[in-house]
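**Student:** Input: one structure, supplied below.
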Amino acid sequence: MYINGQFTSGNASEEISIVDPATEEILDAAPRGAAKDVSAAVDAARAAFVDWKRVPANERAAALHEAAAKIRAHHEELARLLTREEGKPLPENDEEMRWVEDTFDYYAELARHERGRVIPPGEPGQFNFVLKEPYGVVGCIVPWNYPLLLLAWKMAPALAAGNTVVIKPSELTPLSALRLVEAACDHLPPGVVNVVTGYGPEVGEPLVTHPHVPVIAFTGSLAVGKHIARLAAPMMKRLHLELGGKDAMVIAPDAELDMAVSGLAYAALINTGQVCTSTERVYVHESIFPRLSEELADFVGKLRLGNGLDEGVDIGPMIRDEFRIKVEEQLAEAVSQGAEILVGGQRPAQIPRGFFLTPAVVTGVDHRMRLMREETFGPVIPLMPYKDFDEAIALANDCQYGLGATLMSRDARLVKRFFEEVKAGTIWINDPLTDNFAGPFGGMKMSGLGRELGQEGLDEYYEVKHVHWDIEGGVKEYWYPY
Ligand code: NAD
């Protein structure tokens, strides 16, 4: 763990083994932290906040740029560690690392741009302005699927706004977070950044319920997000919740087949389908359904599975066997209800170890099936035909989640209807799962509260104060007596 500028095992008497999902070998171990460690980290972060919030903007920007440069200097090492700990092929972690580095640079600049606004006075002689102030200690609770990217999207804006942070990485992937902090945060004053490793109920909950942690920035499952919301409600904590998704893709009749097939495979299978914005439901116009499903099955059947450190690997393992079993259960249930697996859904015989599952293309699905309603978080592409665009939009919206949605079409009339009528925080047209620092990312409906990235992602870490300043003073006619 990293508390008050020191690496420590804190009060932990046990360790959590960290497993390489491609080999099932134990990579290393991290301390099994507890409430006492959270308290120590929050105390350090609170003490550090007193000075950190007063650091002039240019100095703070320089500190964040320095962190970005140090992370860049460890790019290769961190990308490899991410692959060993989480399983994604190296090219995907190379991309994750670039995002992490650039996020620190982006918020270093954005946060010195403005800190509120001056507004016209409401009374004569007054000067009115809005101040954006940091909250204090921000608790950052991070999942395992993008261990550093999702950390950077919280940590960089929180620090840039003048808060200090206590980070709780996933118990499955704490090594990369610890290494990042070790490599890139030694120039920050002790206590500004802290990391407490351990399990959700043992470290995450004490952080959520700690009286001196006013903000919780959480990315993870809907179930844990709801639990956190319940715990935090009595204390009126500010919650930033990035939760699950069940993203739809609609493929219009005019879509180019090659583009639709490879774009869909990418959107559904990147990180072995373990992405909150994975395409998990696909609606294909009936006129192109037979050809598209055939070509997709052919394309997906040729993707190469293996250890993400090896060159030429497209698809890595799933993170753990329990997640693979969940996907297999959803598939088996769908088949028992009439679905047909065109390809995949198997444990590959040629790779005896690791939590691999061959990517599946499934037809004959409908919205009664869990496969079309619940988050799958695995390498599965279920295809369903539609007759007209009204039906496609209705199907896309028939979901509790609203994280992202994609349309494959060059027809501007369809595009306009899609981005106006589909309820999702991100809409992609013809280029799914891209990000842009300058624009907000987050979910509608049950996919969460708040946004990351962009100005919106910085504003999450400020609270606003409106100052009414009567510069001259004096007795007002609207005071007593009436
Ligand atoms: P998870 O909810 O199981 O765990 C997320 C984090 O919460 C972990 O650090 C975990 O230890 C912690 N946690 C667990 N129980 C807790 C508790 N009681 N109190 C406090 N913290 C607790 O999720 P996961 O399996 O790590 O990640 C996968 C999920 O994350 C998927 O549902 C996915 O959609 C979601 N996700 C969402 C986004 C997004 O931006 N919307 C991005 C990535 C992942």
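**Student:** Roughly how far apart, in whole Å, are the Cα centres of the range 440-461 and the range 251-295?
**Tutor:** 27
**Student:** In square nanometres, what is the average projected area of the Cα convex hull of the range 164-321? Walk me through the numbers on the way to the answer.
**Tutor:** Numbers: hull surface 52.1 nm².
Mean orientational projected area (the range 164-321, Cα hull): 13.0 nm².
**Student:** Would you list, by chain and number, the aspartates and glutamates whose Cα falls below 12 Å from the Cα of Lys445, excluding same-chain residues fewer than 8 positions away?
**Tutor:** Counting by Cα, and skipping residues close in sequence, Lys445 has these aspartates and glutamates nearby: Glu242, Asp398.
**Student:** Now, a different point. If I model a spin label at His113 and Arg230 as a point 7 Å from the Cα along the Cα→Cβ vector, what separation in nanometres do I get?
**Tutor:** 4.0
**Student:** Report the percentage of all Cα-Cα pairs in the range 247-429 whose separation exceeds 20 Å, rounded to a whole percent. Write down the numbers at each step before the final one.
**Tutor:** Numbers: 8292 of 16653 pairs.
Summing the P(r) tail past 20 Å for the range 247-429 gives 50 percent.
**Student:** A further question on this structure: How far is helix 149-160 tilted off the main Cα axis of the chain, in degrees rounded to 10, range 0 to 90?
**Tutor:** So the helix axis and the longest Cα principal axis differ by about 10 degrees.
**Student:** Give me the angle, in degrees from 0 to 90, between the Cα long axis of helix 289-301 and the longest principal axis of the Cα atoms of the chain, rounded to the nearest 10.
**Tutor:** Once rounded, one gets 80 degrees.
**Student:** Using a Förster distance of 45 angstrom, determine the FRET efficiency expected from the C-beta separation of Val464 and Ser336, and round it to 0.05.
**Tutor:** Numbers: r = 53 Å, r/R0 = 1.19.
For Val464 and Ser336, the calculated efficiency is 0.25.
**Student:** Also, I was wondering about something else. Could you tell me the convex hull volume per residue, in Å³, taken over the Cα atoms of the chain?
**Tutor:** Value for the chain: 171 Å³ per residue.
**Student:** Past 19 Å, Cα to Cα: identify those pairs from Lys168/Lys326; Lys53/Lys154; Lys132/Lys237, in the order given. Don't skip to the end; give the middle numbers.
**Tutor:** Numbers: Lys168/Lys326 25 Å; Lys53/Lys154 17 Å; Lys132/Lys237 17 Å.
Distance filter (> 19 Å) returns Lys168/Lys326.
**Student:** As a check on your grasp of the helix formula, calculate [θ] at 222 nm for the chain: sum -39500 (n - 2.57) over DSSP H runs of n ≥ 4, divide by the residue count, round to the nearest 500. Walk me through the numbers before you get to the answer.
**Tutor:** Working: 15 runs with 178 residues, N = 482.
Mean residue ellipticity, 222 nm, calculated: -11500 deg cm²/dmol.
**Student:** Can you list the lysines whose alpha carbon sits under 21 Å from that of Lys302, skipping same-chain ones fewer than 8 residues off?
**Tutor:** Lys88
**Student:** Could you tell me how many degrees, from 0 to 90 and to the nearest 10, lie between the Cα long axis of helix 174-184 and the main elongation axis, the longest principal axis, of the Cα atoms of the chain?
**Tutor:** Long axis of 174-184 versus the principal axis of the chain: about 50 degrees.
**Student:** Per the Debye formula with a single identical scatterer at each Cα and no solvent contribution, what log10 I(q)/I(0) holds for the range 389-482 at q = 0.15, 0.16, 0.23, 0.25 Å⁻¹?
**Tutor:** -0.69, -0.75, -1.19, -1.28
Bear in mind that the values in this text are calculations on the coordinates, not laboratory data. Predicted, not measured: the structure shown is a model, and the values here were computed from it. Virtual Cβ from ideal backbone geometry, glycine too; neighbours counted across all protein chains shown.
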